[in-house]
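Throughout, read-outs are computed from the coordinates displayed, never taken from laboratory work. These numbers come from a predicted model, not from an experiment. Cβ atoms come from the backbone with ideal geometry, glycine included; neighbour counts cover every protein chain shown.
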Amino acid sequence: MKRHLIALGVATIALAVGVGTATAANDPPPGADQLLGQLAGATQGAPAAGTAGQTASNASLPVGISGVSGVAVGSGSGSATQTATNAANADASNTSSTDQTANATQTGGSSSCLSGCGGAGQAQAIDQSALTQQDADAEAAAQQNAVNANVPVSIAGGNVSGGSSSADQTATNKADADASNKSTTDQSATATQTGGSASCTSGCGGAGQSQTVDQSALTKQDADAEAQAQQNAVNANVPVSIAGGNVSGGTSSANQTAGNTADASANNKSSTDQNATAKQTGGSSSCTSGCGGNGQEQNVIQDAQTKQSADADAMAKQNVVNANVPVSIAGGDVNGGISSANQTATNKADADASNKSNTDQTANATQTGGTSRCASGCGGNGQEQNVIQDAQTKQSADANALAKQNAVNANVPVSLAGGDVNGGSSSADQKAYNSADADASNRSSTDQSANATQTAGKSQCWSGCGGNGQEQNVVQIGETKQNADADAGAKQDALNTNAPLLVVGGDPGRGSSSAKQDAGNKADADASNKSNTDQGATATQVAGDSTCWSGCGGNGQEQNVIQIGKTKQDADADAKAKQNAVNANAPESILGTGLSGSGSSSADQTARNSADADASNKSKTDQDATATQTGGKSECWSGCGGNGQEQNVIQIGKTKQDADADAKAKQNAVNANVPLLVVGGDPSLGSSSASQDVSNKADADASNRSRTDQDATATQSGGGSKCWSGCGGNGQEQNVIQIGETKQDADADAKAKQDAVNANTPLSVIGDHLSGSGASSAKQKARNNADADATNQNDTDQDVTVDQKLADTSCGGGCGGKGQEQTLVQKSKTKQDGRGNAKAKQNLVNVDLPFTLSLGKEKRGKARAE
């Protein structure tokens with residue numbers, strides 16, 4: 001009988017063991033692994049080259065060789081019109097668009113186990129990577145040679161008659177180089193992970209969840225544009241007689257319009273948009289005893305890097321000549337006729353290098369723990385949530401513009417070993433404009449927005465259960481580096497002259513002069529950086545309520561919000577303008593019989609020269625953090641641990657700005673009536689009422705402007721606790737740290753030098769005498785200005801709101817006290833250095849000064865020069 005009972009007990013134990021093994025084997029906890037990867041790469045290269053060369057000739061060339069004495073070579077009236085257009089255009093452009101969208105959903109199934117089962121596992125990962133590389137290179141070169149000429153020639157023949165000249169020439173030369181890159185990257189990820197419910201009697205492992213969303217975008221752009229334009233334009237009326245008769249130039253009213261332009265544009269534009277939404281929900285668990293707690297990990301990572309380089313070089317060179325030049329070599333008289341030729345010359349070099357970047361990162365992360373029920377000896381749930389946003393932008397813009405112009409509007413009859421020279425009256429107008437414009441600019445906008453919510457589930461335990469643990473981290477990093485360099489150089493030589501020349505001959509007689517000259521020369525360099533960084537973080541952490549009879553561990557919470565904004569800007573602008581403007585009436589006689597009269601002079605000269613350098617930096621950093629940490633309620637009969645909370649908010653804003661501007665303007669302006677006689681008779685001069693209006697300006701402006709705004713709101717609330725006896729007290733630590741550092745350096749140098757001469761100066765060297773210079777009422781107006789402005793402006797605003805609360809506790813006896821620590825640190829450091837140097841130098845001469853050397857006597861007319 002006893003053996004039968006033993007056998008029955010062994011069979012019963014074996015059956016029980018068999019049933020448990022079968023349950024574990026037939027219904028195992030589910031496991032799931034979900035991976036989604038997206039990789040996009042784009043590489044673009046666009047080279048473009050444009051070259052244009054043009055030689056345009058419109059000429060009238062009647063020629064007579066060894067003709068019969070007294071036979072004339074005449075071209076008749078010249079009214080030929082020439083229009084020449086030459087253009088080189090190079091356009092290199094890249095456009096890229098990348099769109100990545102990922103939607104991943106993972107749901108765990110429910111599990112039921114009697115004992116000794118492993119916990120369910122879930123892994124979900126989304127990886128998006130986009131790489132864009134663009135290179136655009138454009139080169140344009142345009143060269144133009146345009147000649148519109150009336151040139152009758154007689155060699156050992158009769159008279160030469162140029163006839164009247166009304167030929168018009170319009171010459172346009174342009175080189176246009178455009179290199180541009182445009183990139184758009186859009187990454188969107190939505191990840192949802194839900195854990196299944198688990199039911200276990202004892203000894204089962206807790207469920208585990210891992211969710212990761214990783215977005216990476218790298219953009220690199222390089223744009224290089226070079227434009228070169230060179231123009232030579234000649235509009236001429238040149239009758240020539242060699243060992244022949246008289247030369248009659250006739251009336252000249254030829255008009256010349258010449259335009260030369262070099263335009264280089266290098267542009268980069270990038271837009272990166274990263275949007276991630278991650279939601280993780282833990283399943284509920286029910287266990288009698290000895291079960292492990294659930295674990296959750298959630299990571300959202302966004303990384304955006306942008307690098308842009310823009311280089312633009314423009315060079316424009318122009319040589320324009322509008323001339324009426326009758327020439328006699330060993331021949332008769334030279335009659336220049338009346339000159340009313342007009343010349344308009346425009347030369348421009350424009351270099352534009354610009355970068356524009358926009359980075360937008362948005363992350364929404366939600367993590368919710370499931371509820372747990374356990375009788376005794378179960379582990380607590382664990383949660384970790386990380387949101388990391390990193391944006392790095394580097395921009396370099398370099399613009400160089402160089403404009404050089406030589407403009408000549410001349411009426412110059414010439415006689416070598418011949419007869420008299422009669423220049424005739426001159427009312428020729430000259431308008432010459434030369435400009436170099438270099439613009440280098442960087443624009444960057446970084447927007448980071450993070451919303452993180454972490455909520456722990458409720459727990460119910462009879463005794464000996466571990467407390468829940470929560471960790472939440474939000475990290476935002478925005479780094480911007482900008483470098484802008486602009487160089488502009490403008491050089492102009494403008495000559496408007498009426499200068500009959502006689503060497504070993506008769507008398508160069510000249511009519512009245514009312515020629516007008518308007519010359520403008522400008523160099524403009526603009527280097528600017530603008531950066532905007534906006535970081536907004538909202539972190540919410542809520543602990544679940546816990547109910548325990550005895551011997552349970554307390555909940556633990558850690559919450560960190562870190563924001564870092566770094567900006568470095570460097571702007572350098574250099575502008576140089578040099579102008580030589582001459583408006584002259586200068587008949588010359590060398591070994592001649594006399595200088596019978598230059599006629600009255602009412603020539604007007606207006607010359608403007610300016611160099612403008614502007615280097616500016618503007619930075620704005622806005623950091624806004626809202627952190628809320630709430631502890632759950634706890635109820636315990638005896639021997640339970642207290643809850644612990646730690647909350648940290650750290651904001652760091654660092655800005656460094658360097659602005660350097662150099663402007664240099666140099667002007668030489670001459671408005672002169674200067675008849676010259678060397679070893680001859682008497683240079684007599686008519687009245688002079690010539691006017692001169694000249695301005696020279698150097699303007700250097702270096703400015704830095706920075707604004708840092710840090711706003712932190714931290715709220716920490718401990719949950720209420722009820723304990724009968726022997727329970728630990730709750731503890732809280734709260735830290736808020738704000739650091740703002742700004743360093744600014746502004747340096748401005750301006751130099752202006754002006755030499756202005758308005759003169760009426762007949763000159764006789766070893767001559768007979770100086771009978772009279774005539775009346776002089778010439779007016780001179782000269783302005784010279786150097787302006788250097790170096791400014792730094794900084795605004796730092798730090799605002800903190802902290803709230804730390806522990807709820808009321810009730811305890812029967814032997815309970816630990818509460819602990820609280822609260823730290824608030826605000827640090828602001830600003831360093832500014834501003835230097836402005838301005839130097840202006842002016843030499844003015846307004847003179848009526850007849851001069852004779854060695855022989856004769858001097859006689860001066862009435863002077864009213866101003």
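In square nanometres and to one decimal, what's the mean projected area of the convex hull around the Cα atoms of the range 165-251?
Hull-based average projected area comes out at 12.0 nm².
Given R₀ = 30 Å, what would the calculated FRET efficiency be for Asn843 paired with Ile766, taking r from the Cβ atoms and rounding to 0.05?
Efficiency for this residue pair is about 0.50.
Arrange the peptides 284-290, 52-58, 699-705 so that the one whose residues have, on average, the most other Cβ atoms within 10 Å appears first.
Ranked from most to least packed, the peptides come out as 699-705, 284-290, 52-58.
If amide H atoms are built 1.01 Å from N in the plane of the peptide, which residues on other chains or at least 5 residues away come under 5 Å of the amide H of Gly206?
Close amide H contacts, sequence-distant or interchain: Gly119, Gly292, Gly293.
Highest mean first, how do 613-619, 444-450 rank when packing is the count of other Cβ atoms within 10 Å averaged over residues?
Details: 613-619: 27.1, 444-450: 23.4.
Per-residue mean Cβ counts within 10 Å order the peptides as 613-619, 444-450.
Taking the convex hull of the Cα atoms, report for the range 108-214 its projected area averaged over all directions, in nm².
Working: hull surface 52.5 nm².
Spelled out: convex hull of the Cα atoms, projected over all directions, averaged, 13.1 nm².
Applying the Karplus parametrisation 6.51 cos²θ - 1.76 cosθ + 1.60 with θ = phi - 60° to the phi angles of the range 224-229, what ³J(HN,Hα) value in whole Hz is obtained for each residue in order, glycine and proline being reported as x?
So the J values, rounded to whole Hz, are 10, 10, 10, 10, 9, 10.
Taking θ = phi - 60°, what integer Hz values does the Karplus form 6.51 cos²θ - 1.76 cosθ + 1.60 yield along the range 731-742, in sequence order, with x for Gly and Pro?
Whole-Hz 3J(HN,Hα) from phi for the range 731-742: x, 9, 10, 9, 10, 10, 10, 10, 10, x, 10, 9.
Taking H placed 1.01 Å from N in the peptide plane, check which residues at least 5 places from Glu588 or on another chain put their amide H under 5 Å from its amide H.
Leu501, Leu502, Leu676
Where the eigenvalues come from the Cα gyration tensor of the range 261-373, what are the semi-axes √(5λ) of the equivalent ellipsoid, largest first, in whole Å?
Ellipsoid semi-axes (Å, largest first): 85, 11, 4.
Could you list which residues have their amide H under 5 Å from that of Ala233, counting only those 5 or more apart in sequence or on another chain, with H placed in the peptide plane?
Residues meeting the criterion, in which the H sits 1.01 Å from N, are Ala146, Asn319, Val320, Val321.
Stick to the Cα atoms of the range 350-479, pair each with every other, and give me the Kirkwood hydrodynamic radius in Å at one decimal.
Taking every pair of different Cα atoms in the range 350-479, averaging 1/r and inverting gives 23.2 Å.
Could you put Ser721, Ser415 in order, starting from the residue whose Cβ has the fewest other Cβ atoms within 10 Å?
Ser721, Ser415
Based on the mean of other beta carbon atoms within 10 Å per residue, what is the order of 519-528, 105-114, most packed first?
Highest-to-lowest ranking by the protection proxy: 519-528, 105-114.
Greater than 31 Å separation of Cα atoms is the criterion. Which listed pairs, Lys348/Lys697; Lys654/Lys818; Lys317/Lys664, meet it? Could the numbers behind the result be given before it?
Values: Lys348/Lys697 19 Å; Lys654/Lys818 38 Å; Lys317/Lys664 20 Å.
Distance filter (> 31 Å) returns Lys654/Lys818.
Residue by residue through the range 267-282, what is 3J(HN,Hα) from phi via Karplus (6.51 cos²θ - 1.76 cosθ + 1.60, θ = phi - 60°)? Round to whole Hz and write x for glycine and proline.
10, 10, 9, 10, 9, 10, 10, 10, 10, 10, 10, 10, 10, 10, 10, x
Extending each Cα 7 Å along its Cβ direction at Asp99 and Thr55, get the distance between those two points in nm, one decimal.
My value for the distance between the label points is 5.5 nm.
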